[in-house]
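Read the figures in this text as sums done on the coordinates, not as results from a lab. Here the structure is a predicted model, which means the values were calculated and not measured. Neighbour counts are summed over all protein chains in view; Cβ atoms, including those assigned to glycine, are modelled from backbone coordinates with ideal geometry.
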Amino acid sequence: MKVLNVAILGQGRSGRNIHGSHILKDERFKVVAVVDPLEERRERALKEYPGCQVYEKYEDLFGRTDIDFVVNSTPSHMHQPIAIDLMRHGFNVLQEKPIAANTAQVKELEQTIKETGCMYAIFLQSRYRSQFAKAREIAASGVLGRLVEVKVYANGYSRRWDWQTVQEYCAGSLYNTGPHPVGQALEFLDYYDGMPQVFCHMDRVNSFGDAEDFVKIILKAPDRPLIDIEISSSDAYSPYAYHIQGSCGTLTVDTKSVRWKYFKPEEAPEQHLIREPLFTEDRLPSYCREQLTWYEEEWVEPYVHDNVFSSDTKRLYDDVYNYLTEGKPFNVTFKQVAQQIAIMEECHRQNPLSRLDK
């Protein structure tokens, strides 16, 4: 088995708690370098990743030829420029979200990928969630009929005061949390060759910075289901979930299971339009009534790892490994994520919030 050498930029909640934590449990990867501007994090890395070397600046990696890919888990506003610099110096990149702040930065990224030929993988682990895959499978089967609406909610209640509440750092709920629900919703929309109509409302509720922490997005495209995305820090009841309405049934997903209820059109009573008033057998006023045979099913996540998040991460790292060792394509493509950024840019255009840096 080939072991891939990894450098991690950043030892914060993403670099250490997600990427580092996974790599330490995955024998296919080895952390050989860690970059962090904080000395205490570099010292901790020396203890946590045996044999690694530590650096204060990512430029100190330049010249090394033993690194198979670099995990770019720096702060959000640094993602795009650092990724470009790394690829221009010959490094493959596994990029944290968001990949960029706007479409202009996306185009520069795309051009760099083409020019260098380096791997540019996007760490969007929620796209690998088994509940999401199951929901897509059921929707695609046609059992729900024509999809009418897809709701994706990433809600909770929290007050926040760190750098990820400040717009100048490419922060706020849409850039921080948004890539997950938006990315899943766009798979149901499946309109990557065009740009959907976008309506967005943003608000600041519990944020101590200048960025939004409530986002409502409605997306419309021809012959596609209506998409309703909500990202809220002021919802004390609703968890991360999605809900799909179809002409023959409904599907709902929570953090552990997928449930769907549907009828079979071929078993439904035959009906036709009646313009005259409806009556019961006793000639009393009546409402449209029929007896449908409903089917209900449930699928529960068979956790393979510690929890749903580590399972998602494992599946994404499978993609990275298979790409670098066998050339297999990624499940999350650049084109898909580029559409996310275009939508987010439009959302911010519609909701210009006052800024601390102006």
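Below, the figures for the structure above:
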item	result
The chain: angle of helix 179-189 to the longest principal axis, Cα-based, in degrees nearest 10	40
Kirkwood-Stokes translational diffusion coefficient of the stretch 122-170, alpha-carbon pairs, 4 °C, 1.567 mPa s, µm²/s	90
Cysteines (scope the chain) whose Cβ has no counterpart Cys Cβ under 4.7 Å	52, 118, 170, 248, 288
Antiparallel DSSP beta bridges within the chain, as percent of all bridges there, nearest 5	55
Given [x] 1.05; [y] 0.95; [z] 0.99, the label whose value is Rg/Rh (Cα atoms, Kirkwood Rh) derived from this model	[x]
Dipole of the stretch 83-194 [Lys/Arg +1, Asp/Glu -1 at C-beta], most positive-end residue of 94, 171, 132	132
Gained length - residue 157 relative to residue 44, 0.36 nm times residue gap less alpha-carbon distance	37.5 nm
Loop-located trypsin sites (Lys or Arg not before Pro) in the stretch 253-334 whose Cβ has at most 12 other Cβ within 10 Å (DSSP)	256, 275, 283, 289
Cα-centred dipole magnitude for the stretch 1-134, charges only on beta-carbon of K, R (+1) and D, E (-1), debye, nearest 20	620
Restricting the stretch 260-338 to GluC sites (Glu not before Pro) in coil, as DSSP defines it, with at most 14 other Cβ within 10 Å	270, 281, 290
For the stretch 200-232 and the stretch 22-88, distance of Cα centres in Å	33
222 nm mean residue ellipticity, helices alone, for the chain (DSSP H n ≥ 4; -39,500 (n - 2.57); rounded to 500)	-8500 deg cm²/dmol
Folded to 0 to 90 degrees: helix 130-141 orientation relative to the chain principal axis, Cα	40
Simple label model, 7 Å out from Cα along Cβ direction - residue 110 to residue 294, nm	4.5
Net lengthening on full extension, residue 203/residue 62 (0.36 nm per residue, minus Cα-Cα)	46.5 nm
Angle between the chain longest axis and helix 103-116 axis [Cα atoms, degrees, rounded to 10]	60
Sequence-distant lysines (8 or more away, or on other chains) whose Cα lies within less than 30 Å of residue 220	97, 107, 134, 151, 256, 261, 264, 335
Convex hull volume per residue for the stretch 1-138, taking Cα atoms only, in Å³	134
